[in-house]
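Here's the structure we're looking at; comments come further down.
Derivation of every value follows stated rules applied to the coordinates shown; laboratory data play no part. Source: prediction; values computed, not measured. Using ideal geometry, Cβ is built from the backbone for each residue, glycine included, and neighbour counts are taken over all protein chains shown.
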Amino acid sequence: MLGTGYLGATHAACMTELGFDVVGLDVDRDKVARLSAGDLPFFEPELPELLCKGLASGRLRFTTSYEDAADFGDVHFVCVGTPQKLGENAADLTHVAAAFSSLAPLLPRRCLVVGKSTVPAGTAALMARLLLAHAPAAEHVALAWSPEFLREGNAVHDTLRPDRLVFGVADAEAERGLREVYAALIEAGVPVVVTDLATAELVKVAANAFLATKISFINAMAEVCEAARADVTKLSEALSYDNRIGGRFLNAGLGFGGGCLPKDIRAFMARAGELGVDQALSFLREVDSINLRRRDRAIDLARELTDGTFAGKRVAVLGAAFKPNSDDVRDSPALDVASRLHQQGALVEVYDPQAMDSARARFPHLSYAASTLAASRDADLVLMLTEWAEFRELDPAVLGSVVRQRRIVDGRNALDPVSWRAAGWQYRALGRP
């Protein structure tokens, strides 16, 4: 595994679980040392156990040496990040190019190189030319692209029991190699889609664009519901029974964030422009805009509950991660809202079950509490912005005993308004009257 971030570390541990000998490579020595000691640098359910199991079996180890990895591997998975370019929408392929450039000159024998990073269409063709030009065994180095579809918080399940495998290949040898690697999953009935390299590259960004569109659609309906004094949760429920639509990811709220969806749809738009078909994806600009407007609306609701001003008001923000079961705070809607409240004079206390260290590192100007009750003590307003089970199951009477004012904004439509209002709370939510 070239790259041992979220994707690489997960895939390494899971491939060990499937019976393979695995080496994870990273240029970050501290990360390699931590992983080698069984210390996962991020939170992901079930993964720490798999990591330690793989290390104890002797089938999993980590290195900083490209020479070591190249000599060891019959199959090389490229799992490095493709962040958004600074000041642009396009994807930054620096890490992908560096991984291929460093690996290629060290490949003197037959092997398979598999890209798993999310990249713009056309990247695989560039990497194929790079391998052909620089690998000593160029004619015997096959290239494939097999995108990942991991959901943070469910990554182990999504790796060991995926809903599909996509094999982007240019020849039969690459397909045979991938089928050998994933034989156990294929035998278990996981569908396989075999396609060309460019189509495989498009699958991941198209899936993310569709998902983002579905989320932003119901959030657009939330805007309409607020104007019409309707209830978006009931609207969503009614729509969910239509089997052409379905109810997954049809929950209105604060919108999406994280390190994938926002940057992937922007990179998709940028690549469409480079290909001369920017109008085909112009709707994604509005998808992005709707998503960001939900943060503005959450702040508006909060301001209404604090009599028009945040100056000097104590505000408890429950949630820092961009989604539950993760400690990822990249483009976190919760922390964006918290930071903007702070800038407008609020005294903000943040609590999250797992993302406190990540949040402190990225937002050191905010204050952090050790628990829900500590964050909420003497609060004039509570905002529930990440739908952790701990927050969904809060007792409104218990929380009400520590706050100064029983006022709450449910940014994820995850609480029961009847029980909260019965306990004396002023309850507001996105898309509900």
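With θ taken as phi - 60° and the Karplus curve 6.51 cos²θ - 1.76 cosθ + 1.60 applied, the whole-hertz 3J(HN,Hα) list for the stretch 256-270 is 8, x, x, x, 10, 4, x, 6, 5, 5, 5, 5, 4, 4, 4 Hz, x standing for glycine and proline. Between the amide H of VAL22 and those of LEU60, ARG61, distances stay under 5 Å, these residues lying 5 or more places away or on another chain, with hydrogens modeled in the peptide plane.
Rounded to whole numbers, the Karplus 3J(HN,Hα) couplings from phi for the stretch 179-184 are 5, 5, 4, 9, 4, 5 Hz, using 6.51 cos²θ - 1.76 cosθ + 1.60 with θ = phi - 60°, and x at Gly and Pro. Please label the shape of the stretch 6-195 as rounded, prolate or oblate, based on the square roots a ≥ b ≥ c of the eigenvalues of the alpha-carbon gyration tensor (a/c under 1.5 means rounded; beyond that, a/b larger than b/c means prolate, else oblate). Cα axes put the stretch 6-195 in the rounded bin. Taken about its Cα centre, the stretch 1-110 carries a charge dipole of about 180 debye when Lys and Arg each add +1 at the Cβ and Asp and Glu each add -1 at the Cβ.
Per-residue Karplus couplings for the stretch 11-17, computed as 6.51 cos²θ - 1.76 cosθ + 1.60 with θ equal to phi - 60°, are listed in order as 5, 4, 5, 6, 5, 5, 4 Hz, Gly and Pro entered as x.
Holding the Cα-Cα limit at 25 Å, pick out from LYS53/LYS323; LYS85/LYS313; LYS204/LYS323; LYS214/LYS323 the pairs that are longer than that. Where the Cα-Cα span goes over 25 Å, the pairs concerned are LYS53/LYS323; LYS85/LYS313. For GLY73, the shell of other residues with beta-carbons less than 15 Å away shows a net charge of -2, using +1 for Lys and Arg and -1 for Asp and Glu. The stretch 389-433 to the stretch 152-226: how many Å between their Cα centroids? About 37 Å separates the Cα centre of the stretch 389-433 from the one of the stretch 152-226.
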